[in-house]
Amino acid sequence: MDIKFTVYAWRDIMKICGAITLTCPKEMIICRYIDLRFESCECIAYGSNGCQFTRISVPCECRDVPWQYHLLVKPMKIPSGTKFVEIHIDQKNKKFDVAYIDAEDDIRDAVVCDFFDGDPFDYERFWQKTHDTLNQYNQGSGQYFICVNPKYLINALEGMKSCDRVIMNFGSCVDGFTIRPYDDDQPNIEAVIYPVRPIR
């Protein structure tokens with residue numbers, strides 16, 4: 001079985017899903033892997049830290065890969081000069097290798113990995129359940145939605161990163177919302193973020 005990605009598709013997987021798996025607690029071993037699921041010429045990747053997960057779909061070329069085949073990979077750094085990423089799966093020996101190919105079709109680097117000994121987490125079920133709930137309202141956009149500048153949200157949360165949990169209070173989809181620590185030991189901290197107008 002062989003799979004080929006452009007470096008841009010592989011980089012998106014590592015950026016979107018790999019970044020979240022790197023925040024996973026050590027005891028949650030399954031969440032330290034990115035789950036790659038293949039459907040013909042598409043790879044759906046999931047990453048999780050046990051409390052949240054991300055999903056991205058990217059194009060790929062597959063040869064002899066069964067429909068909805070799962071492959072669990074750890075986050076990886078991409079060598080400079082890489083143009084394509086090829087995965088060669090040895091099902092018999094329960095190994096796969098990831099080869100980083102440059103513009104001249106030379107291998108810049110390669111990593112041999114053992115299969116994860118266990119079943120992948122059923123991210124698709126949780127993704128589907130969330131979307132089924134959202135689909136009850138407004139053609140899938142939820143009961144209401146808020147559009148916010150991610151830099152403002154990150155800035156507000158940065159000031160509370162010593163907190164274990166935060167509370168976000170929403171009044172409506174057009175008014176400002178608050179973020180404050182859940183714990184009572186920091187009662188004087190609060191951030192207010194105003195939504196931005198969505199561009200359609």
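Quick look at the numbers
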quantity	calculated
Amide H contacts of Lys95 (H built 1.01 Å from N, under 5 Å, at least 5 apart or other chain)	Asp90, Phe115
Computed [θ] at 222 nm, deg cm²/dmol, the chain (DSSP H ≥ 4; -39,500 (n - 2.57); rounded to nearest 500)	-4000 deg cm²/dmol
Per-residue Cβ neighbour rank within 10 angstrom, fewest leading, Thr82, Thr6	Thr6, Thr82
Ranked by how many other beta carbons lie within 10 Å on average, peptides 38-47, 146-155 from highest	38-47, 146-155
With Cα atoms, 0 to 90° folded angle of helix 123-134 axis to the chain main axis	40
For segment 150-193: rounded, prolate or oblate by the Cα gyration tensor [a/c cutoff 1.5]	oblate
Amide H partners (placed H, <5 Å) of Glu39, local residues excluded	Ile44, Gln68
Footprinting exposure proxy for Thr21, Thr54 (fewest neighbouring C-beta atoms within 10 Å first)	Thr54, Thr21
Estimated distance in nm for a label pair at Ser57 and Val174, the labels positioned 7 Å out from Cα along Cα-to-Cβ	3.3
Karplus (6.51, -1.76, 1.60) ³J(HN,Hα), θ = phi - 60°, over segment 151-156, in Hz, Gly and Pro reported as x	5, 5, 5, 5, 4, 5
Relative contact order for the chain, counting Cα pairs under 8 Å that sit 6 or more residues apart, in percent	14
Extension gain, Ser40 back to Asp132 (0.36 nm per residue minus Cα-Cα distance, nm)	30.7 nm
Positive-end residue, the chain charge dipole about Cα centroid, Cβ charges, pick of Tyr152, Val192, Phe115	Val192
Of [x] 1, 8, 16, 19, 19, 14, 10, 7, 4, 2, 0; [y] 1, 7, 12, 14, 16, 15, 11, 9, 8, 5, 2, 0; [z] 1, 6, 12, 14, 14, 13, 10, 7, 5, 3, 3, 3, 2, 2, 2, 1, 1, 1, 0, 0, the label for P(r) over Cα pairs in 5 Å bins from 0, in percent derived from the coordinates	[y]
Segment 139-167 residues near the modelled Tyr194 label - backbone nitrogen below 19 Å, point 7 Å along Cα→Cβ	145-157
Footprinting exposure proxy for Trp127, Trp67, Trp10 (fewest neighbouring C-beta atoms within 10 Å first)	Trp67, Trp127, Trp10
For the chain: lysine pairs under 22 Å (alpha-carbon distance), excluding those fewer than 8 apart on one chain	22
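No lab work stands behind these numbers, since they all come straight from the coordinates. Fair warning: this is a prediction, and the values are worked out from it, not measured in the lab. All Cβ positions, glycine included, derive from the backbone under ideal geometry; neighbour counts span all protein chains shown.
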